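Input: a single structure, listed below in structure tokens.
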Amino acid sequence: MEFIDYYKTLEINKSATKADIKKAYRKLARKHHPDLNPNDENAKKKFQKINEANEVLSDPEKRKKYDEYGKDWQHAEHFEQQKQQRSQAGGGFGGGSSQSYSGSFDDDRFSDFFEQMFGGGGRTRGTGRSPHFKGQDFNAELQLNLTDVYTSHKQTLTVNGKNIRLTIPAGVENGQTIKIKGHGGPGVQGGPKGDLFITFKIANNTDFKREKEHLYSTVELDFYTALLGGEIMIDTFKGKAKLTIKPETQNGTRVKLKGKGFPKYKQEAEFGDLYITYNIKIPTNLSSKEKELYTELQKLRS
Amino acid sequence: MKTEELIATEELCERYSVEHTFIRSLYNSGLIEVITVEKREYVHCDKMAEFEKLMRLHYDLEINLEGLEAIKHLLDRVNELKNQNIALKNRLGLYE
């Protein structure tokens with residue numbers, strides 16, 4: 001555990017007045033407040049740090065203790081006990097007048113340094129209003145494979161120690177966030193429950209490329225089938241399909257297989273399309289006979 | 001709309017210790033939706049997170065109503081761009 005320089009955190013010097021601290025805190029809070037930096041973990045951490053620094057420096061008693069012990073903070077409790085015994089003062093740092101900003105985020109996660117120096121009951125909270133009525137919203141990330149989201153399926157998630165069984169709709173997209181209403185934290189004094197927000201991270205474990213409900217695939221086509229036409233079997237997401245190749249098919253030709261794509265999100269039994277691009281393989285390692293015949297063909301064309 | 005999903009504005013004022021004029025101002029600026037049922041005003045529980053956010057910004061960071069309007073607009077824009085970014089990244093996968 002390392003010493004935390006709260007003055008440095010608030011970008012002020014040790015002689016800062018209460019007004020200076022308030023000003024510095026407000027300035028930094030406006031910059032790093034999680035409400036103004038949604039989904040920004042760095043801003044959230046920074047905000048927690050400045051909240052903690054303010055908690056200490058804006059409370060005269062805590063500031064005094066912090067200044068007094070400085071880097072010898074590890075012995076602070078010991079010294080404090082001795083001091084208290086001497087003066088028979090008792091008490092601690094439970095009370096205070098500082099204000100910290102509230103939020104439905106984890107702004108109450110103070111450092112081990114703070115906890116060790118001031119104890120769990122050392123913090124003062126709130127701005128005078130009840131910051132929470134609706135329960136806290138929870139955010140979770142769910143990693144799935146592309147094959148998992150081809151069909152709707154039920155999955156049990158453990159969020160904050162509670163098991164939640166939910167149906168993941170087919171066709172959900174990578175990066176998509178869905179709201180599970182009422183599965184967040186409990187409301188305070190009759191307030192509504194918070195919600196659970198799940199963001200899907202979908203890894204493509206297939207050879208298909210996906211864009212929303214459409215799938216894309218490249219199929220190798222042999223030179224003669226491309227030239228003279230024929231039939232080939234290809235892989236679709238769900239199985240095999242037979243394709244008729246038109247004679248004189250050009251390299252890079254793209255064909256659409258209607259309804260063979262990915263399920264459309266929340267549109268039951270509706271699918272996107274599968275686009276197949278042909279990659280024609282030119283024969284290599286020609287024998288002298290083949291070369292001779294191709295030369296003949298070339299002459300016919302020139 | 002289920003009435004149990006509505007929270008009376010008087011209750012919000014009491015729970016959060018905010019003035020009713022604050023809720024009225026948010027409504028007048030189009031920042032929150034207030035629903036009137038039998039002459040009583042309510043906020044839908046789905047809008048509570050937004051209300052709480054506006055409340056924090058106003059009371060904790062001392063941002064006035066005009067500032068809240070600007071912030072809301074910019075945050076909506078950030079969210080829109082974030083979604084666009086996700087869609088573009090997913091699309092980029094086609095060319096990788």
Regarding A:K260, is this residue under 23 Å from A:Q176 (Cα atoms) and among the charged types (D, E, K, R)? yes
In the range B:4-27, residues that are more than 13 Å from chain A (Cβ to nearest Cβ) and exposed (fewer than 12 other Cβ atoms within 10 Å of the Cβ) total 1
How many residues of the range A:12-22 are surrounded by 16 or more Cβ atoms within 10 Å (Cβ to Cβ) and in a helix (DSSP H, G or I)? The answer is 2
Does A:G252 satisfy the condition of being at pLDDT 95 or above, within 33 Å of the chain's Cα centre (by Cα) and not in a strand (DSSP E or B)? no
Please identify the pairs in which a residue from the range B:60-87 that is free of Cβ contacts under 8 Å to residues at least 40 places away in the same chain has its Cβ atom under 6 Å from the Cβ atom of a residue that is outside any loop (DSSP other than H, G, I, E, B), counting only partners at least 6 apart or on another chain. B:L61/A:R30; B:I63/B:L57
Would you be able to say whether some residue in the range A:165-175 is away from chain B (no Cβ under 14 Å) and either modelled with pLDDT of 95 or more or within 19 Å of the chain's Cα centre (by Cα) (or both)? yes
Within the range A:28-43, can one find any residue that is of a type outside the set (V, I, T), away from every other protein chain (no Cβ under 14 Å) and free of Cβ contacts under 8 Å to residues at least 60 places away in the same chain? yes
Residue count for the range A:222-240, restricted to those that are among the small types (G, A, S) and either more than 18 Å from A:I280 (Cβ to Cβ) or loosely packed, with under 13 Cβ neighbours inside 10 Å (or both): 1
Working only within the range A:26-41, note down all residues that are assigned to a helix (DSSP H, G or I) and either touching a Lys or Arg at 6+ places or on another chain (Cβ under 9 Å) or modelled with pLDDT of 95 or more (or both). A:L28, A:K31, A:H32
Residue list for the range B:1-53, filter: part of a helix (DSSP H, G or I) and aliphatic (A, V, I, L, M): B:L12, B:I23, B:L26, B:M48, B:A49
For the range B:64-95, which positions are facing chain A (nearest Cβ under 8 Å) and either among the basic types (K, R) or not in a helix (DSSP H, G or I) (or both)? B:K82, B:K89, B:R91
Selected residue [more than 26 Å from B:N79 (Cβ to Cβ) and crowded, with 22+ Cβ neighbours inside 10 Å] from A:Y7, A:Y25: A:Y25
So A:T156 fits all but one of (1) surrounded by 14 or more Cβ atoms within 10 Å (Cβ to Cβ); (2) away from every other protein chain (no Cβ under 14 Å); (3) hydroxyl-bearing (S, T, Y); what number is the exception? (1)
Tally time: how many residues in the range B:51-68 are closer than 13 Å to A:H132 by Cα and charged (D, E, K, R)? 3
Residues that are part of a loop (DSSP other than H, G, I, E, B) and not charged (D, E, K, R): does the range A:48-64 have at least one? yes
What strands (runs of 3 or more DSSP E) lie completely within the range A:133-189 and have 1 or more residues being farther than 24 Å from B:D46 by Cβ and not assigned by TED's automatic domain parsing to the domain that holds A:T199? none
Whichever residue in the range A:192-212 is buried (at least 17 other Cβ atoms within 10 Å of the Cβ) and away from chain B (no Cβ under 12 Å) and, among such residues, is farthest from A:T147 (Cα to Cα): A:L196
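The values are calculated or read from the model by the stated rules, or taken from the named source; none is laboratory data. Fair warning: this is a prediction, and the values are worked out from it, not measured in the lab. Heads up, the Cβs are rebuilt from the backbone with ideal geometry, glycines too, and the neighbour counts pull from every protein chain shown.
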